[in-house]
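Participant: Sending over a structure as structure tokens; questions will come in a sec.
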Amino acid sequence: MDYDRIPSLPRLFFDQAQALGDKPLTYQRRDGSWHSLSWREISGQVRALARGLVALGIQPGDRVALVAENRPEWLVADLAIMSAGAITVPAFTTNTTEDHRHILTHSGARGMISAGETIAKRLLPAALHADIQFHIAIDPAEKPAQLPFRQIGWQEALALSSDDAELDRRLAALTRRDTSCIIYTSGTGGVPKGVMLSHGSIMANIKGAYRLLLDVGLGHDRFLSFLPLSHSYEHTAGQFLPISIGAEIWYAESVEKLVDNMAEARPTIMTAVPRLYEAMHAKILRGLEKAPKARQKLFWLAYRLGRKKYEKPAEMTLADNFLNLVCEVLVRRKVRKRFGGHLKAFVSGGAALNYEIGVFFLALGVRLLQGYGQTEASPVISANMPSRIKIETVGPIFDGLEAKIAEDGEILVRGEAVMNGYWRDPESTAKTVVGGWLHTGDIGEFDADGYLKITDRKKDIIVLSGGDNVSPARVEGFLALQPEIAQAMVHGDKHPHLVALVVPDADFARDWAAANKASGEIADLADNAAFHKAMAAVIDRVNTSLSPIEKIRRFALLGEGFTIENAMLTPSLKIRRHKIRERWGHVIGRLYDRG
């Protein structure tokens, strides 16, 4: 695949569809079984919908919003919008009406494509404040009355006719510099910005990913699409990368059914955020507690030997190597089978992966590659090579990108993968891309092998009143690693020491409540003195691993977790610090009032 010579993402897709024809491209689970659509079938739908969009008046450069869960129609709609010369504006299915209003009005979207009544209930009221001309509903639904724009069903949109020659003309006119999509950042620090990614920027990114996959081995690949396609990570790595290598895309049903879907789909590649691996780690350990003692001992032997082989291979003895082979058969094969048995690699991105979590999976024979990037870089900047994993790093820089470290330690990146800029925000664009260099806002360093290590987030650094700098993400990583803790956020800017807001693990809280004849509701346990004492022991345990300035002096238990619904988590499961401080600022204040 000569990625450098392909002019646009639709051209990439149509060329692949012509070559692969009746081979399956997508799989979706419906009515208890998996249903496939071939490259030819998807290609026909893309052309039909693109003609429909032209018939509806969409012009090159117009924006069309897309709000749906991961499914074949998402891929069809995305490619159809681009094929018509327009720009896809993806939005998260969890967005509130106000979120949708901001995206629709700020992007100037002329049309919308959405799935399901739940989304429509939040999206349609927002559209009343925008210049929307039509709404295409993927799923059959009653058409709401008295809306100032046209309502169209999916099949009706596919059946709309327009000049096929006009569509071909628009496809031929697309260039790598043209904006393909505007992806709104998830807003960890405030109002989302619209990141303009070009056809070429995404193409450059999947070229780098392709080189990485060559290292793991290509052939008969299956991707399990789980992260929201409205996130740049999944949009590039979970949609366009598999298209470019002719792989199958299986759409996961939900978080709750993810493990079952993995066993059924048997993916070879899967991308996810660290929170998923943390949840898997906790689930494995909880299941292990119920296993027979002999099985527990064998599991921990496999872990210890696997970790030793990764961290100190020169110290492996003949006995270690023999026992390690036994563990490979009796433990690691069973662990890999839980993930479908064909997994070549998990790829972790979107946030920093805790070292202990990474080593845990590597020690158990599951290849986990930590990568790094951001939406403004389409989004992957670097990733570990499968043949040489250094999980404490985010790997070497992708082919086609340049990177350097500024005087203040900030990572700067340059190359075609860098965004066209922020939509309708030239001031922020000028501050972020200077002389062609993307200022990532992350602090890092390169090791002797050219592997990048992220040491901090520039804007998230806590500066204590004594002048010391503390990384909140590092401390939160230690907290989240504890089985008794589900989530945590630390605070300390302009204060003499750190405090923490802690959400207890629901399973631990329930077990503790049963053993102590207390209410199992976290909201009740948050004010239970005995439970607070039990959690204090956990905080003390964490503090033994932290430096003096990182130690947590006070903490409060929260009866409510950080969720997407309460706006304290982004859709990619990163905490929104400003939202948490807004909601729990009075609790943080009381922690400091205690001295």
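The values are calculated or read from the model by the stated rules, or taken from the named source; none is laboratory data. Since we're looking at a predicted model, the values are computed, not measured. Note that we place each Cβ from the backbone using ideal geometry, even for glycine, and neighbour counts take in every protein chain shown.
Participant: Being over 23 Å from Y277 (Cα atoms) and of a type outside the set (S, T, N, Q) narrows it down to one of R388, R424, so name that one. So that I can check it myself, show each step before the final result.
Facilitator: Working: R388 fails: over 23 Å from Y277 (Cα atoms).
Matching residue, one of R388, R424: R424.
Participant: Quickly run through segment 340-390 and pick out the residues that are in a loop (DSSP other than H, G, I, E, B), closer than 30 Å to W423 by Cα and small (G, A, S).
Facilitator: Answer for segment 340-390, where residues must be in a loop (DSSP other than H, G, I, E, B), closer than 30 Å to W423 by Cα and small (G, A, S): G349, G350, A351, A352, S378.
Participant: L241 - would you say it is under 13 Å from the mean Cα position of the chain (by Cα) and not assigned by TED's automatic domain parsing to the domain that holds S38?
Facilitator: No.
Participant: I would also like to ask the following. For segment 412-440, which residues satisfy the criterion of being in a helix (DSSP H, G or I) and of a type in the set (V, I, T)?
Facilitator: Kept after step one, since they are in a helix (DSSP H, G or I), are these residues of segment 412-440: 426-432.
Across segment 412-440, the qualifying residues are T429, T432.
Participant: Has segment 171-180 got any residue that is over 15 Å from P60 (Cα atoms), charged (D, E, K, R) and either touching a Cys at 6+ places or on another chain (Cβ under 6 Å) or touching a residue at least 24 places away in the same chain (Cβ under 8 Å) (or both)?
Facilitator: The answer is no; no qualifying residue exists.
Here is a yes/no grid of residues against (1) surrounded by fewer than 20 Cβ atoms within 10 Å (Cβ to Cβ); (2) at pLDDT below 90:
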| position | (1), (2) |
| --- | --- |
| I539 | no, no |
| P571 | yes, yes |
| H586 | yes, no |
| R590 | yes, no |
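Participant: If you go through segment 533-553 one residue at a time, do you hit one that is over 31 Å from the mean Cα position of the chain (by Cα), hydroxyl-bearing (S, T, Y), over 30 Å from T96 (Cα atoms) and not assigned by TED's automatic domain parsing to the domain that holds A279?
Facilitator: There is at least one residue in segment 533-553 that is over 31 Å from the mean Cα position of the chain (by Cα), hydroxyl-bearing (S, T, Y), over 30 Å from T96 (Cα atoms) and not assigned by TED's automatic domain parsing to the domain that holds A279.
Participant: Next question. Tally up the residues in segment 311-349 that are of a type in the set (S, T, Y) and closer than 29 Å to F226 by Cα, please.
Facilitator: Qualifying residue count, segment 311-349: 1.
Participant: Tell me yes or no: at least one residue of segment 154-168 is in a loop (DSSP other than H, G, I, E, B) and within 30 Å of A263 (Cα to Cα).
Facilitator: no
Participant: Specify which of the listed residues (A126, A172, A84, A115) is buried (at least 21 other Cβ atoms within 10 Å of the Cβ), modelled with pLDDT of 95 or more and closer than 30 Å to Y3 by Cβ.
Facilitator: Values: A126 fails: closer than 30 Å to Y3 by Cβ; A172 fails: buried (at least 21 other Cβ atoms within 10 Å of the Cβ); A115 fails: closer than 30 Å to Y3 by Cβ.
Checking each option against the conditions leaves just A84.
Participant: Just to check your reading of the model, which residue among A530, A526 is of a type in the set (G, A, S), in the same structural domain as E582 (by TED's automatic domain parsing), over 26 Å from G467 (Cβ atoms) and crowded, with 18+ Cβ neighbours inside 10 Å?
Facilitator: A526
Participant: Test I152 against the stated conditions and say whether it is under 20 Å from L75 (Cα atoms), under 27 Å from the mean Cα position of the chain (by Cα), surrounded by 17 or more Cβ atoms within 10 Å (Cβ to Cβ) and of a type in the set (V, I, T).
Facilitator: No; evaluated as a whole, the condition is false for this residue.
Participant: Being closer than 30 Å to H231 by Cβ, assigned by TED's automatic domain parsing to the domain that holds G466 and free of Cβ contacts under 8 Å to residues at least 60 places away in the same chain: is that true of L573 here?
Facilitator: no
Participant: Next question. List the pairs whose first member sits in segment 508-523 and is without any contact (Cβ under 8 Å) to a residue 60 or more places away in the chain, whose second member is of a type in the set (V, I, T) and crowded, with 18+ Cβ neighbours inside 10 Å, and whose Cβ atoms are under 7 Å apart, counting only residues at least 6 apart or on separate chains?
Facilitator: A509/I522
Participant: Just to be sure I understand, how many residues within segment 391-411 are surrounded by fewer than 18 Cβ atoms within 10 Å (Cβ to Cβ) and either in contact with a Gly (Cβ under 9 Å, 6 or more places away or on another chain) or in a strand (DSSP E or B) (or both)?
Facilitator: The qualifying residues number 8.
Participant: Would you be able to say whether some residue in segment 295-317 is among the hydroxyl-bearing types (S, T, Y) and farther than 24 Å from L213 by Cα? Show your work before the answer.
Facilitator: So the first thing to find is which residues in segment 295-317 are among the hydroxyl-bearing types (S, T, Y), and the list is 303, 310, 317.
If we keep only those that are farther than 24 Å from L213 by Cα too, we end up with 303, 317.
The answer is yes, given that some residue of segment 295-317 is among the hydroxyl-bearing types (S, T, Y) and farther than 24 Å from L213 by Cα.
Participant: Answer with yes or no whether F478 is surrounded by 13 or more Cβ atoms within 10 Å (Cβ to Cβ), assigned to a helix (DSSP H, G or I), under 29 Å from the mean Cα position of the chain (by Cα) and not assigned by TED's automatic domain parsing to the domain that holds A406.
Facilitator: Yes: the conditions hold for F478.
Participant: Kindly indicate whether any position in segment 137-145 is modelled with pLDDT of 95 or more, in the same structural domain as I103 (by TED's automatic domain parsing) and not in a loop (DSSP other than H, G, I, E, B).
Facilitator: yes
Participant: Considering only segment 219-308, give the strands (runs of 3 or more DSSP E) lying wholly within it that have at least 2 residues that are of a type in the set (F, W, Y) and in contact with a Lys or Arg (Cβ under 9 Å, 6 or more places away or on another chain).
Facilitator: Where strands (runs of 3 or more DSSP E) fall fully within segment 219-308 and carry at least 2 residues being of a type in the set (F, W, Y) and in contact with a Lys or Arg (Cβ under 9 Å, 6 or more places away or on another chain), they are 248-251.
Participant: I'm told N516 meets every condition in (1) modelled with pLDDT of 90 or more; (2) exposed (fewer than 15 other Cβ atoms within 10 Å of the Cβ); (3) of a type outside the set (A, V, I, L, M); (4) in contact with a Pro (Cβ under 9 Å, 6 or more places away or on another chain) except one. Can you identify the failing condition by its number?
Facilitator: (4)
Participant: Quick check on G219: is it outside the structural domain of W34 (by TED's automatic domain parsing), at positive phi and without any contact (Cβ under 8 Å) to a residue 24 or more places away in the chain?
Facilitator: Spelling it out, G219 is indeed outside the structural domain of W34 (by TED's automatic domain parsing), at positive phi and without any contact (Cβ under 8 Å) to a residue 24 or more places away in the chain.
Participant: Another question, if that's okay. In segment 441-468, what residues are in contact (Cβ under 8 Å) with a residue 24 or more places away in the chain, assigned to a loop (DSSP other than H, G, I, E, B) and in contact with a helix residue (DSSP H, G or I) (Cβ under 9 Å, 6 or more places away or on another chain)?
Facilitator: Those that are in contact (Cβ under 8 Å) with a residue 24 or more places away in the chain, assigned to a loop (DSSP other than H, G, I, E, B) and in contact with a helix residue (DSSP H, G or I) (Cβ under 9 Å, 6 or more places away or on another chain): L464, G466, D468.
Participant: Check whether at least one residue in segment 446-459 is over 20 Å from G350 (Cβ atoms), in contact with a Leu (Cβ under 7 Å, 6 or more places away or on another chain), in the same structural domain as I357 (by TED's automatic domain parsing) and at pLDDT 90 or above, and report yes or no.
Facilitator: So far as segment 446-459 goes, yes, one or more of its residues are over 20 Å from G350 (Cβ atoms), in contact with a Leu (Cβ under 7 Å, 6 or more places away or on another chain), in the same structural domain as I357 (by TED's automatic domain parsing) and at pLDDT 90 or above.
Residue-wise test of (1) under 24 Å from G409 (Cβ atoms); (2) of a type in the set (D, E).
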{"position": "I462", "(1), (2)": "yes, no"}
{"position": "G466", "(1), (2)": "yes, no"}
{"position": "N469", "(1), (2)": "yes, no"}
{"position": "V475", "(1), (2)": "yes, no"}
{"position": "E484", "(1), (2)": "no, yes"}
{"position": "Q487", "(1), (2)": "no, no"}
{"position": "A509", "(1), (2)": "no, no"}
